[in-house]
Each structure stands twice: as structure tokens, then as C-alpha cells.
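Values in this text are rule-based calculations from the coordinates and carry no lab data. Keep in mind that what you see is a predicted model, and the values were worked out from it rather than measured. Methodologically, a virtual Cβ is constructed for each residue, glycine included, from the backbone with ideal geometry; neighbour enumeration extends over all protein chains shown.
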Amino acid sequence: MQPVRPALAWDDFGHMQVALVAYRHLSPAVRERTRALLKLNPRYPNWILGARPGQRDQVAFMRAATWADAIKGDPDYTSANDEPNLPTAVANLGYADKLRHMYWHYVDQPLAADGTPTLPATVPNASTQIAAFRASLSELSTDEAVKSYDLVWLLHLVGDIHQPLHCVARYDRNDPGGDRGGHNVKISGNHHPEICDDPVYCPFNPTDDLHAFWDSITGSSYDTDKVPVAALALTEPDRRDARILDPAIWLTEGAELARQAVYVSPIGVGDGPFAVDAAYQRSALALARRRIALAGQRLAAVLEECFAQERAAHAAQTAKATRAAQATKAAQAAQESKATKETKTTQTTDGVP
Ligand SMILES: [Zn+2]
């Protein structure tokens, strides 16, 4: 029997690579801040189960990046009444929120393949949520437990949005409602024993769809020990690219890559099945290794930015409180001095013979 494998963007293995790259680029202060927040996730004890003591923080950070996919199969979470047009779609409640928010994982920017009319991307989506979580992590007023929830989502979504098929939906006569980021496009002939090293999650079976092929191109393991090994094969991004932190630009890149590298021969227009060849697989793997490394460095920069703003807000609040305390003290001193003067005056007056 084939194991049922839900669509997990980049799969756990890709998300853990993004997280590892990010973790390696974080300052000690931000690592410490993320550690404190991740500990508030109910799954934290499971994340560090079996991890060596010196590795716990890094392992938890990698596992945290997969949490948003893990809740897709968690019976405590639901997709019932979880619609993007309802107020619950953007309510930032923290772990009290038991909705799966499947529509947060992508931005279905329309890609026209033939003359079929297209639809605009659904809102909220990965891009709007990334912006919302960045803002809430930067603010002092957000509750710590809510920040923990926002952080695990942010770790995941920055990875998702660097997978080109999380940035588009292709419209053609076969898919007038969009191809759901390539989920409707069937492929065959895919095989890659070099990277498919986990027989349980071997993603390269002929019934897979194009989206799943891209999600799993760097592997599908949940073994954190394998992640540093896989990370050795990632491509170091251009430093200027790594400093681009605007999700709108990430989305434009994703749509461009979908056009130039995903929906290209042997992938034709329509739902296939298309026989994926070795050349397509090689270029897909190379692209995925570039995007994962880039996502990781950008994620680190985003976290540094969020927590720098949080620290600045905290410093400003402390300075304001200090000024207020000083002003109160000065007012009290002035009051006391006035009272003393009045007493003296009274005494002097009283002393006049
Ligand atoms: Zn996802």
C-alpha cells in the first residue's frame, strides 16, 4: 500500500533545510529570543525528543518550521468553516486557533497559459500573513504565546513562498479555476534514487503531481541528522539577493521562475500526464537548492529585523518610563521644597516678636 503523503511545501526536509540555513545566520541574541518563543509551542517536547543536548535549540528550530504542515494531519485542527473570506482567517489568536489555514501556504498569482480568463490571488495568503507575522513579532504589545504561534508560521511561510509553485496558479482550458499550484498537473517517469533516500517517503512515484514533485525534489525525510548533509549541496546565494526582504519581490521571482523553469518542456499545457526526464529533474533540483538557501538567509534577516524592532520598542518604552519616573521625582522634590519653604516662612513669621 502506498503511504498517503499530504502536500507539504518543500516537504519537511526542504523546510528543515531553510530553517537550518536561517539558524546558522542568526545572532546569538535572536537565537535566544526564538528559543524562548518556540518553547511555548505545545509540540516543543516532541521536537527535542532524542536530540542531543547541545543540538536541542537547532533541532527545535528546524522542527518548528514544519509545524504549519503538521497540523494538516492533526485531528485537533480543522478546515471546517475555515474560509479566507471569514474574519477568523486573519484573527491572530495564537495556539487557541485550531484552524488549519491552508490558504496561508501560498499565493495563487494567475499565470495564463492560453486565452482562459484568470482570477486574482486569494487574500489572505502567504504574502499577507508573512507581513502580519513580521509586524506582530516586532511589536511589544503582542502576547508571548501569540508571538510563538506567529514565529512558527513565519518560519514555514518564508520557505513556502520560495517554492515557485507556491506563487502561482496556471489557468488553461483544462483548469479554468486554476491548477492549484500544479497539483492538477500529473507527471510520470520521474525517478531520482540519488536524492530519494527514504523508501517510506520516496516521492518519485509515477502518480505524483507536479506540485508534489517540486515539494519533494530535495528529499522528504524528517530526520534532522540528514539536514546538515543536504545543506552542503545548497547553493550560496548572491549577497544582494539575500538582503531583499520584500515579499512582493519574492512573489515576482516565484512567478518568473514558474514560467521559466517549472512550466517548461516536457511539462506542456494541460493536466498531462507529462513524462519528466532527467534534464528537467536536474534543473529542478539545482533551482530548489538555490531557492532553499536564499529562503534561509532571507528568513534570518527577517527575524533579525523583527527582533531588532522589538528591542528598540522595548528600549523606547524603558526610556519613556525612566523619564516619567524622573519627572515624578522632580515634581515631588519641587513640592517638598515648596512645602519646606512655606514652613520656614511660617516659622520666621511666627518668630517675629
Ligand atoms: Zn506550507
Practice task
Scan around N184 for amide H atoms under 5 Å from its own, H built in the peptide plane at 1.01 Å from N, and keep only partners 5 or more places away or cross-chain.
Solution key: none
Handout entry: In sequence order, calculated HN-Hα J values of segment 47-55 (Karplus, 6.51, -1.76, 1.60; Hz; x Gly/Pro)
Key = 4, 8, 4, x, 6, 5, x, x, 9
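Give me D12, D277, D160, D209 ranked fewest to most by other Cβ atoms within 10 Å of their Cβ, as a rough exposure proxy.
On the way: D12 25, D277 12, D160 29, D209 22.
Going from sparsest to densest Cβ surroundings: D277, D209, D12, D160.
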Problem - For the chain, calculated [θ]222 nm from helices alone, where every DSSP H run of n ≥ 4 adds -39500 (n - 2.57) - result: -16000 deg cm²/dmol
Problem - 5 angstrom amide H check on A275, placed H, neighbours 5+ away - result: S188
Fill in the blank from the handout: Applied in sequence order to segment 287-304, the curve 6.51 cos²θ - 1.76 cosθ + 1.60 (Karplus, θ = phi - 60°) yields integer Hz couplings, x standing for Gly and Pro, of 5, 4, 5, 6, 5, 5, 5, 5, 4, x, 5, 5, 4, 4, 5, 5, 5, 4
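With an 8 Å Cα cut-off and a minimum separation of 6 or more residues, compute the relative contact order for segment 11-347 in percent.
Details: 504 pairs, mean separation 78.7, N = 337.
It rounds to 23 percent for segment 11-347.
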Completion exercise
When the chain is treated as a Gaussian network with springs between alpha carbons less than 10 Å apart, the largest mean-square fluctuation among Q129, Q335, Q326 is found at Q335
Problem - ³J(HN,Hα), Karplus 6.51/-1.76/1.60, whole Hz, each residue of segment 103-108, x for Gly, Pro - result: 6, 7, 7, 8, 10, 8
Fill in the blank from the handout: Counting only residues 5 or more apart in sequence or on a different chain, those whose built amide H sits under 5 Å from that of Y106 are A126
Exercise for the section: Under a 10 Å cutoff between Cα atoms, tell me which one of E83, E336, E310 has the largest fluctuation in the Gaussian network model of the chain. Expected result: E336
Exercise for the section: Report the dimensions of segment 11-347 along its three principal axes from the alpha-carbon atoms, largest first, rounded to Å. Expected result: 105, 49, 42
Completion exercise
If S220, S337, S188 are placed from fewest to most neighbouring beta carbons inside 10 Å, the sequence is S337, S188, S220
Fill in the blank from the handout: In degrees rounded to 10, the 0-90 angle between helix 11-25 Cα long axis and the longest Cα principal axis of the chain is 40 degrees
Fill in the blank from the handout: If V107, V269 are placed from fewest to most neighbouring beta carbons inside 10 Å, the sequence is V269, V107
Handout entry: Residue of V59, V264, V152 that the Gaussian network model of the chain assigns the largest fluctuation, springs spanning Cα pairs under 10 Å
Key = V264
Problem - the chain: angle of helix 247-257 to the longest principal axis, Cα-based, in degrees nearest 10 - result: 10 degrees
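Considering only DSSP beta bridges whose two residues both sit in segment 11-347, what percent are antiparallel, to the nearest 5? Show your work: numbers first, answer last.
Details: 2 of 9 bridges.
That works out to approximately 20 percent antiparallel.
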